[in-house]
Structure formats: C-alpha cells, structure tokens
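The block underneath contains the structure these notes are about, expressed in structure tokens.
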Amino acid sequence: MNEEKTDQRRVAVVTAGGAHVWALVNALSDRIGPVTVILEEPESKGALLRARARRFGKVTVAGQLGTMVFGKLFRSRSSRRRQQTVEECGLRTEPGSGQRIVDVASADSSECTDAIAAMGADVVLLNGCRLVSRATLGHIACPVLNFHAGITPKYRGMNGGYWALATGDAENFGATVHLVDAGVDTGGIVRQVRSRPMPGDSIPSYAMTMASFSADACAEAIEAVTTGPVEIMETNLPSRQWYHPTIWFYLWTGLTKGVW
C-alpha cells in the first residue's frame, strides 16, 4: 500500500468557477496533488456595471456593455476556439472525480476565511473571484497568491492578454502569479509566463489559452511561497489598471489590427 506523502501542501483555490478555471485546477492537481476548491457565487453583472457607472460614467459603461453583447452574438465562434484549445492541449474542463469543493457566497467573507482555516491551508490561490479586501486578507494565516491573466504591473485589472495585443505589445501576452495585497494586482510577482495567442483567439477565449500554458508557473509559485523566503521578481514595466474595452474601441481595434 502506498503511503500518503507527508509533505503534500494543503492548497485552497478560491474561484467563481468556469471551464478555464477547472482546466487550470486539474493541471495544477496533476503537478502538486489534490487541491481544495472554494467556490464562490459569481458576482452579479448588474451590480458590477452599476459600480462601474458610478466610477466611470454611464457612457463608458454602456460602451463596455456593448462589447459584452457583441461577444455573445459571436459566442459560437469563440466556443469553437476554446474547444480547439482544450483538445489541442489535452485540458480537462470539469471537476475531477473526488474533487473537494466548498461552496461559499463570496470570496470576500468570513465564510471563506473560515473554510480556509478549517482545512488548515498552507497557501491560497485566487483565480477569477471577487476582489478580496484588506480585512479579509488579515484573517488568512497563510500566503495568498493570485493567478492573473496578464503581465503585471503593465496589465493589471481586466483582459490583460487582450490589452497587450491591442496596444501592439504582443511580447507581453502572458500571465502572472503574484502575492495578494490591498491593491488590484499590485502584489509582489512570484512567477510570470509569456506565450502567444492561438489563431482565432478573442476576448472570450484568451482565458482558456492562458490556462493552457500557466499550470507550471502556478505550481512553481506555490512551491516558492511554502518552502522558504520568496524571491520577488523585479520589473521595470510601467503600472496601469485596465478595464473592459468599449464597443467603439473594440470594433476599431478588431477591424484595423485584427485583435478581437
């Protein structure tokens, strides 16, 4: 009978779910062993848009909503591209057999921190969940990492891969695993990985492409923060937070640069 490894790290992945998240979770489990997924309820799109409208104005948010609607109109095309990535890279996009899942209402809640404490997590990896407040972070006793689909600090916020391509910076199409602080993707960089988009990629499919080449970086970051002093990567990149593109910018960039 095989003995269970005594040095196996207890890893909690906090997420709102999605096929690209499960692809990364399954690939990560192949590398480091079973992880516990703390699954929050997705944030209401209406609440998110109302919050943005208060900050950026109704015209900008209407433009961002237009891009989301445009994406839904061409959902079948992006779905085919995601499925091609899944097949070409051998990704598994559903929870594995025996996957431990803990349901919570929000990542930014005492319910979530209680679940993390109850499992005795050695490290937490955030992946596609709500922003976690300073107060919530203060109740987590272990290191907290974030998987960000973009190269920080240059492409913090949303759609990092898209913005790298749209601004003519394809060499910075990639993902970052960083420590979490009170800012938006501003924590110390533990690992970064760069690659290229798949032919036919667009905003709805970039996340799956990122998942296809990021599992090693996540595993290495987890190893780094649980085995000793963490070496933070130095970078001279500028820092900027990005959001969803407006429909007028999205169409202009797609038609003139072929970046969708």
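The values are calculated or read from the model by the stated rules, or taken from the named source; none is laboratory data. None of these values were measured; they are calculated from a predicted model. Note that we place each Cβ from the backbone using ideal geometry, even for glycine, and neighbour counts take in every protein chain shown. The accessibility values were calculated without ligands, DNA or RNA, using every heavy atom of the protein model including side chains. Shrake-Rupley method; radii C 1.70, N 1.55, O 1.52, S 1.80 Å.
Things worth noting here:
- Pairs from Lys45/Lys72; Lys58/Lys154; Lys72/Lys257 whose Cα-Cα separation, in the structure shown, is over 23 Å: Lys58/Lys154
- Based on C-alpha pairs under 8 angstrom that are at least 6 apart in sequence, the chain has a relative contact order of 24 percent.
- Per-residue ellipticity at 222 nm from helix content only, as computed over the chain with -39500 (n - 2.57) for each DSSP H run of at least four residues, stands at -13000 deg cm²/dmol.
- 9 Å beta-carbon shell around Cys129, net charge (K/R +1, D/E -1): -2
- Neighbour cut-off at most 15 other Cβ (10 Å), DSSP loop, chymotrypsin sites (Phe, Trp or Tyr not before Pro), the range 46-80: Phe74
- Test item: Cα-centred dipole of the chain, Lys/Arg +1 and Asp/Glu -1 on Cβ, debye: 1400 debye
- Share of Cα-Cα pairs in the range 73-208 lying beyond 20 Å, as whole percent: 55 percent
- Protein heavy-atom surface of the chain, 1.4 angstrom probe: 53% of the accessible area is carbon and sulfur, with nucleic acids and ligands not counted.
- For the chain, the fraction of C-alpha pairs farther apart than 29 angstrom is 30 percent.
- Two-decimal Rg to Rh for the range 12-106 - Kirkwood Rh, Cα set: 1.07
- Surface accessible to a 1.4 Å probe, per residue, for the residues of the range 1-124, Å²: 59 Å²
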